[in-house]
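Below is one structure, written out as structure tokens, with a few remarks after it.
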Amino acid sequence: MTPRDRITEILYQREPGGVWPFAALLLAPIGWLYGVIMRLRAWGYRRGWFGAARVDCPVISVGNLTAGGVGKTPLTIYLAQALQQRGRRPVVISRGYRGRLEGQAAVVSDGRDIRLTAADAGDEPVLIARRLPGVPVIVGARRPAAAKLAREQFDAGVIICDDAFSHLALRRDCDIVLVHGRDGFGNGRVLPAGPLREPAEAIRRAGLVALNVTAGEDPRTEEEVRRAGYCGAIFRLRAGPLVWRHHADGSPVDPSAAPDRRVLAFTATARPGDVFESFARSGWDVVARQAFPDHYAYTPDDLARLAQLAAAQAICYLATTEKDAVKFTFSLPRNPPLLVAALTPEGVGAPLEQLVDRVEDFCWPDRPCFSTATER
């Protein structure tokens, strides 16, 4: 187990044990103070002390309450595709985390051409742009500026904010909050003492809650969500079967038909263990694995080293995710071949389908900056 895996395990363990009591002694006061600040901030927005910009079209946020990946980007892609199929003119805006242009509003894709690289815009916006032909994608840490650009330049019919639950400066008509079905709120503490970005009761702002049960489900998770004060609809989603392709030419790969299923898996995501488990469930024999920091910027030397590790163990393939592959703007070693997994959600549930079908019903001139669940 890597040090990062151990830290994740500590933050998400529901019962105290191991080194957690000592860690709590050091970090809990900081987490408590941060939680107070986040409560006061949310209260200030509700009271109107802090301005929240409004745009004249429906705005839907896809976010989460905990640190770490829970499947926001695949759900964002699904939402945009569903709205596009219904003729709603969606535009996706994202922070552009770790991109060079993170601090300014910029067009990643106009729906036809992808204008920026992952180094410029961050890995997730570029992945979204590749998966959504015909849907403009914009980055900007200041969501109001990005939303204004979406309306002015692309006449957005619906704006989807990726990873924006805690970004309150832009009024939303519905917040969709994803929760890890197995790990839930973890130890229930706020960063850095736990995994929560805000105190758990912030989930009352959600219009819909989705439990991502791809890695399993603990019955305590839904209980935690309800205990935090959320009274709305809860639906479950899971990742569909991974779609594998050769990175070199995009040709499909069926693990069950591969003459040798041994792979060296690597990724730079928030929850690498979940990624590696999904690779194994799809049919590969994950002989070796390498986890990089989330949003890591790969270099040619990194890929050369991984190829050498695979060769030393007679491993036939390297395997990674789409999110990782968008950062490979340099030449890769020819051997072993690199396989890339595409992720899509399934089992999205009736509440989300109803939202997509009736999105105009969620846009009212007098709507407050929080979703329908705010004042419960």
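The values are calculated or read from the model by the stated rules, or taken from the named source; none is laboratory data. Just so it is clear, the structure is predicted and the values come from calculations on it, not from any experiment. Backbone-built Cβ (ideal geometry, glycine too); neighbour counts: all protein chains shown.
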* Would you mind stating whether Ala215 is in contact (Cβ under 8 Å) with a residue 12 or more places away in the chain, hydrophobic (A, V, I, L, M, F, W, C), out of contact with any strand residue (DSSP E or B) (no Cβ under 8 Å at 6 or more places or on another chain) and more than 16 Å from Val62 (Cα to Cα)? => no
Counting only residues in the stretch 254-266 that are hydrophobic (A, V, I, L, M, F, W, C) and at pLDDT below 95, the one surrounded by the fewest Cβ atoms within 10 Å (Cβ to Cβ) is identified as Ala257
- Query: In the stretch 178-197, is there at least one residue being farther than 26 Å from Gly134 by Cβ, touching a Leu at 6+ places or on another chain (Cβ under 7 Å), among the polar types (S, T, N, Q) and in a loop (DSSP other than H, G, I, E, B)?
  - Reply: yes
If we keep only residues of the stretch 186-202 that are buried (at least 24 other Cβ atoms within 10 Å of the Cβ) and touching an Asp or Glu at 6+ places or on another chain (Cβ under 9 Å), then the residue nearest to Ala270 (Cα to Cα) is Pro195
Selection from the stretch 301-332 of residues under 19 Å from Asp249 (Cβ atoms) and of a type in the set (S, T, N, Q) yields Thr320, Thr321, Thr329, Ser331
Just one listed residue, out of Thr221, Thr269, is at pLDDT 95 or above and either acidic (Asp, Glu) or farther than 28 Å from Pro58 by Cα (or both), and it is Thr221
The helices (runs of 4 or more DSSP H) lying wholly within the stretch 236-337 that contain at least 2 residues that are without any contact (Cβ under 8 Å) to a residue 40 or more places away in the chain are 272-281, 300-312
Going through the stretch 151-174 in order, the residues found to be part of a strand (DSSP E or B) and closer than 13 Å to Val62 by Cβ are Val158, Ile159, Ile160, Cys161, Asp162, Cys174
Matching residues in the stretch 281-333 (out of contact with any strand residue (DSSP E or B) (no Cβ under 6 Å at 6 or more places or on another chain), closer than 25 Å to Ala239 by Cβ and among the polar types (S, T, N, Q)) number 1
Checked Ala288, Ala248, Ala268 against criteria (within 21 Å of Gln308 (Cβ to Cβ), assigned by TED's automatic domain parsing to the domain that holds Arg334, of a type in the set (Gly, Ala, Ser) and touching a His at 6+ places or on another chain (Cβ under 9 Å)); the one match is Ala268
Of the residues in the stretch 75-94, those that are in contact with a Cys (Cβ under 9 Å, 6 or more places away or on another chain) and among the basic types (Lys, Arg) come to Arg89
Just one listed residue, out of Val190, Val209, Val139, Val126, is free of Cβ contacts under 8 Å to residues at least 40 places away in the same chain and not acidic (Asp, Glu), and it is Val209
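Yes/no matrix, rows are residues, columns are (1) part of a loop (DSSP other than H, G, I, E, B); (2) within 22 Å of the chain's Cα centre (by Cα); (3) outside the structural domain of Gln354 (by TED's automatic domain parsing):
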site: Leu27; (1), (2), (3): no, no, yes
site: Trp49; (1), (2), (3): yes, no, yes
site: Gln81; (1), (2), (3): no, yes, no
site: Tyr97; (1), (2), (3): yes, yes, yes
site: Val107; (1), (2), (3): no, yes, yes
site: Gly111; (1), (2), (3): yes, yes, yes
Per the filter on the stretch 206-235, residues surrounded by fewer than 17 Cβ atoms within 10 Å (Cβ to Cβ), out of contact with any helix residue (DSSP H, G or I) (no Cβ under 8 Å at 6 or more places or on another chain) and under 29 Å from Glu322 (Cα atoms) are Gly216, Asp218
The condition of being in a loop (DSSP other than H, G, I, E, B), in contact with a Leu (Cβ under 7 Å, 6 or more places away or on another chain) and in contact (Cβ under 8 Å) with a residue 24 or more places away in the chain holds, among Val62, Val70, Val55, only for Val70
Picked from the stretch 346-376 (must be in contact with a Lys or Arg (Cβ under 8 Å, 6 or more places away or on another chain) and modelled with pLDDT of 75 or more), the residue surrounded by the fewest Cβ atoms within 10 Å (Cβ to Cβ) is Asp357
> Within the stretch 103-115, is even one residue closer than 30 Å to Asp183 by Cβ and not basic (Lys, Arg)?
Replying inline: no
